[in-house]
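These notes concern the structure reproduced below.
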Amino acid sequence: MLGVKIENLYPLLLPAGNSDAATGLRQRQLELMRDIVARGVLPGIMLAFAGPDSRKTAEFVTEVLKDAKPDSLKDVIVLVVGDEQRVNDAIKPTSATVHFVAM
């Protein structure tokens, strides 16, 4: 169906709100995901990003991918629940297969 066999799923649910706790958790998640993307993601992995605020989810995914090398996510599936256009522009150079779900 997706054209790529999914070996492992790494879901990430972003917390709602602007409290210090929520902001701190999003920052730790961002650092973790940027490190994972920088080290490389193996083909067959699915990264899934979702959160109650579509705009914050799109900003998060864009930040995660801003330093990704071209073609670094080839044969990786990225599932995003959020703003399709903002994320699509950021993910295109990585060659990941991307799927969007509108909220």
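Relative to the current alpha-carbon distance between N18 and D67, full extension at 0.36 nm per residue lengthens the span by 15.1 nm.
Roughly how many debye, to the nearest 20, is the charge dipole of the chain about its Cα centre, given +1 on each Lys and Arg Cβ, -1 on each Asp and Glu Cβ, and no other charges? Roughly 100 debye for the chain. The mean accessible area for residues of the chain, using a 1.4 Å probe and ignoring ligands and nucleic acids, is 59 Å² per residue. In this structure, the amide hydrogen of G17, modeled 1.01 Å from its nitrogen in the peptide plane, lies closer than 5 angstrom to no residue at least 5 positions away or on a different chain. Dividing the summed -39500 (n - 2.57) terms of all DSSP H runs of n ≥ 4 by the residue count of the chain sets its mean residue ellipticity at 222 nm at -12500 deg cm²/dmol. Within the chain, the longest segment free of exposed loop sites, counting trypsin sites (Lys or Arg not before Pro) that fall outside DSSP classes H, G, I, E and B and have at most 10 other Cβ atoms within 10 Å, spans 6-65. Per atom type, the chain shows carbon and sulfur on 55% of its accessible surface, probed at 1.4 Å.
Here region 47-66 and region 13-35 have alpha carbon centers that stand 11 Å from each other.
Close lysine pairs were tallied over the chain: pairs 8 or more places apart or on different chains with Cα atoms under 14 Å apart number 4.
Residue-wise HN-Hα couplings along region 18-27, as the Karplus relation 6.51 cos²θ - 1.76 cosθ + 1.60 with θ = phi - 60° gives them from phi, are 10, 5, 4, 5, 5, 5, x, 5, 4, 5 Hz; Gly and Pro carry x. Ranking of L30, L9 by solvent-accessible surface, largest first: L9, L30 (1.4 Å probe, protein heavy atoms only, all chains present).
The values are calculated or read from the model by the stated rules, or taken from the named source; none is laboratory data. Here the structure is a predicted model, which is why all the values come from computation and not from measurement. Quick reminder, even Gly has a Cβ in these numbers, built from the backbone with ideal geometry, and neighbours come from all protein chains shown. The protein model used for the area step is the full one, side chains on, heavy atoms only, and it has no ligands, DNA or RNA in it. Shrake-Rupley method; radii C 1.70, N 1.55, O 1.52, S 1.80 Å.
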